[in-house]
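Below is one structure, written out as C-alpha cells; comments come after it.
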Amino acid sequence: MMKYNNPIIKGFHPDPSICRVGKDYYLVTSTFEYFPGIPVYHSVDLINWELIGHCIDRPEQLPMEISKASGGIWAPTIRYHDGTFYVTATFSEKGNFIVHSKSPAGGYSAPVWTEMNGIDPSMFFEDGEMYYCANDWGREIEDPEGISVARMDPLTGKVKGDIKRIWTGTGNGWLEAPHIYHIGEYYYLFAAEGGSGWGHMVTTARSRSIWGRYEPCPHNPILTNRNDTSKQVLESGHADLIQDAEGNYYIVHLAIRPCIGSKTNLGRETFLTPLKKEDGWFYIEGGKAKLQEEICKTVEQRKTNAVEADFSKKEWEKEWLFIGTPVQENYSRGNGELTLRPSGEKLQDGQMGVTFAAMRQPDFECEIQTSLECHGNDIASGLAAYLAPGYLYRIYLSCEAGERYVVVEKFAEDFHQIVYREKVVCKEIGFTMRADKNKYMFSYTINGNTINAAECSVRFLCTGIPNRCFTGTVVGVFAEGDKRESASIRKFVVR
C-alpha cells in the first residue's frame with residue numbers, strides 16, 4: 001500500500017470516464033465549448049497520467065460553432081471492445097453521439113448520432129451486444145426522472161428493440177451519469193444524484209438482469225462530500241468504476257478543491273477513490289473523497305511537468321484549447337513565433353472564433369509567462385485568465401495611434417475595472433501572471449526591468465459566480481483589434 005494525492009488530474013477535468021486494456025488505462029473528460037474536444041489520458045498505474053490525444057480533433061466532426069458557454073460536449077464515456085475504442089457523449093445543442101477508433105490517442109471516426117436521448121450516455125458491451133444507457137427526464141410532468149437502457153448498434157446509433165427504464169434513483173434528484181457493469185452474479189448500476197454542486201453524490205444499485213429490477217445499495221450514497229466539515233474536498237460525484245490488473249476496485253470521479261470559502265477557480269477535477277466490497281455491495285470507507293488516499297501498489301506519484309511552447313514547430317502542443325473551432329488563418333506557427341491576428345471578436349464576450357489560445361490553469365499555485373511584440377496601431381495582445389463570457393482578468397500591450405500602454409483589467413459580468421494603465425516604450429515585452437489560492441499577480445518586463453503591475457482576487461474567476469458555469473479557468477494569449485494587424489508571441493510557459 002502507498003499513499004497518493006488527489007486530484008490525479010488537476011484543473012478543469014470534469015466527468016471522468018475510464019477503461020482498462022491489459023495493464024493500460026485510458027481516461028476521458030468533458031470539454032464543453034472548447035476545441036479540441038474530449039482529451040484522452042493514458043496511465044499504467046492509475047496515478048500518473050499523460051495526455052495522448054483527443055477524440056474530437058477535426059472541425060468537421062462536430063458543429064462547435066453552435067456551442068454555447070458551458071454547452072458543447074458533456075460527460076463522455078470511454079469503453080474498449082473487440083479491438084476498438086468507443087466514446088460516447090452528449091453534444092448539448094444536438095443530441096448524443098458515438099465515435100470510435102482503433103487507437104485511443106486519435107483518429108476517431110465522424111460521430112454517429114444515437115436514437116436515444118437524455119444526457120450523460122454510457123455503453124456496456126456483452127455477448128456481442130452493446131447496451132446504451134442515459135438519464136431519462138420523463139415524458140410527462142408527473143413522470144419521475146430515471147435511467148433507461150436499450151440495445152444499440154454502436155456504428156450506426158440505431159436502437160434495436162425497446163428502450164426500457166430500469167431505475168429511478170434514490171429520490172435525491174438530478175439523476176444522471178449512469179454506468180453499468182457486470183461483476184459476478186450482478187449487474188451494477190452507478191449513477192450521480194443531487195445535482196452537480198454541494199449536494200452531488202454517487203449512488204448504486206444492482207440486479208441479476210441488465211433489465212432490472214434494480215435494488216438500491218444500503219450504503220447509498222456511497223460517495224458524497226455534502227456534509228464534509230473539513231471542506232477540503234466538495235461536490236464529489238459522477239463516478240466510473242475500474243478494476244485494476246491486480247483485482248482491486250476504484251472509481252474515478254469529479255470533485256472540487258475550494259480556494260475561497262466553498263468556491264474554486266480551477267473547476268471540477270478528476271479524483272481517484274478506492275472501493276471496498278462486502279456482501280455483494282460496493283462502498284467507500286468513510287463515504288467521502290479525500291485529498292490523500294491509499295492504493296494497492298507501489299508507485300511514485302510524479303509532479304506535473306511544465307508546458308513550454310517555443311513555436312519552433314507548426315504543430316500545436318496537445319494542451320492547447322480554443323473557444324470553439326479556431327479560425328485557422330488567425331494563427332500561424334513556426335520559426336520560433338506564434339502569430340496572432342484579431343478576429344473581430346472580443347475575449348470578454350466569449351464568442352466562437354475569438355483569437356485566444358489557452359491551456360487549463362494547472363493548479364492554484366502556478367506561473368504563466370509569455371513574450372510578445374505587436375505590429376500596428378490598433379491592436380491589443382497579452383495574457384488572460386478566462387473563466388466564462390464576461391469573467392476574465394488580463395494584462396496586455398495596447399497599441400493606440402502610435403502610443404503603447406500596459407493595461408491590466410478585470411471583467412466580472414457587468415463590472416469592468418482597469419486596475420493598471422501605464423505608457424511604455426518598447427519593441428518586445430514580457431508578461432508574467434502568477435497565481436495562488438487567493439490572488440493573481442501581474443507583472444511585465446521591458447529590457448530586463450520587471451514592474452509589478454497589479455494583484456487581483458481570484459474570487460471573480462470562481463465557477464460559483466457565473467450562472468451554470470461547468471468549466472474552469474484557462475490561461476492563454478489573445479489578440480484583439482484591427483484584423484489587418486498582428487502580434488508575435490515568442491514563448492509561452494505554464495508551470
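Quick notes on this structure:
- Verdict on Gln292 being loosely packed, with under 12 Cβ neighbours inside 10 Å and under 30 Å from Lys439 (Cα atoms): yes
- Every condition in (1) free of Cβ contacts under 8 Å to residues at least 60 places away in the same chain; (2) closer than 24 Å to Pro14 by Cβ; (3) in contact with a strand residue (DSSP E or B) (Cβ under 8 Å, 6 or more places away or on another chain) is met by Lys314 except one, and the failing one is (2).
- Scanning segment 386-421 for residues being touching a helix residue (DSSP H, G or I) at 6+ places or on another chain (Cβ under 7 Å) and buried (at least 23 other Cβ atoms within 10 Å of the Cβ) gives a total of 6.
- In segment 23-51, the residue that is surrounded by the fewest Cβ atoms within 10 Å (Cβ to Cβ) out of those that are over 15 Å from the mean Cα position of the chain (by Cα) and of a type in the set (A, V, I, L, M, F, W, C) is Val44.
- In this entry, Val425 passes the filter for residues that are of a type outside the set (Lys, Arg), more than 34 Å from the chain's Cα centre (by Cα) and more than 26 Å from Lys263 (Cβ to Cβ).
- Single condition Ser381 does not satisfy, out of (1) more than 24 Å from Asn330 (Cβ to Cβ); (2) in contact with a Leu (Cβ under 8 Å, 6 or more places away or on another chain): (1)
- Among the residues of segment 26-57, those that are of a type in the set (D, E, K, R) and touching a residue at least 24 places away in the same chain (Cβ under 8 Å) comprise Glu33, Asp45, Asp57.
- Pairs are defined by a Cβ separation below 9 Å, a sequence spacing of at least 6 or placement on different chains, a first member in segment 401-415 that is under 23 Å from Ser443 (Cβ atoms) and touching a residue at least 60 places away in the same chain (Cβ under 8 Å), and a second member that is polar (S, T, N, Q) and surrounded by fewer than 17 Cβ atoms within 10 Å (Cβ to Cβ); the pairs so defined are Phe411/Gln417.
- A Cβ distance below 9 Å, combined with a sequence gap of six or more or placement on separate chains, defines the contacts here; from segment 155-170, residues that are of a type in the set (Asp, Glu) reach residues that are crowded, with 18+ Cβ neighbours inside 10 Å and modelled with pLDDT of 95 or more in the pairs Asp162/Ala150.
- Taken over segment 6-22, residues that are over 19 Å from the mean Cα position of the chain (by Cα) and not charged (D, E, K, R) amount to 2.
- Some residue of segment 346-356 being among the small types (Gly, Ala, Ser) and in a strand (DSSP E or B): no
- Against the test of being on the phi > 0 side of the Ramachandran plot, buried (at least 21 other Cβ atoms within 10 Å of the Cβ) and not in a strand (DSSP E or B), the options Gly267, Gly212, Gly247 yield a single qualifying residue, Gly267.
- Taking the criterion of being surrounded by 13 or more Cβ atoms within 10 Å (Cβ to Cβ) and touching a strand residue (DSSP E or B) at 6+ places or on another chain (Cβ under 7 Å), the residues of segment 422-437 that qualify are Val424, Cys426, Glu428, Ile429, Gly430, Phe431, Thr432, Met433, Arg434, Ala435.
- Residues satisfying the stated conditions in segment 270-301, i.e. closer than 28 Å to Phe32 by Cα and in a loop (DSSP other than H, G, I, E, B): Lys288, Ala289, Lys290, Leu291
The values are calculated or read from the model by the stated rules, or taken from the named source; none is laboratory data. In this text, all values refer to a predicted model and were calculated from it rather than measured experimentally. Reconstructed Cβ throughout: ideal geometry from the backbone, glycine too, with neighbour counts over all protein chains shown.
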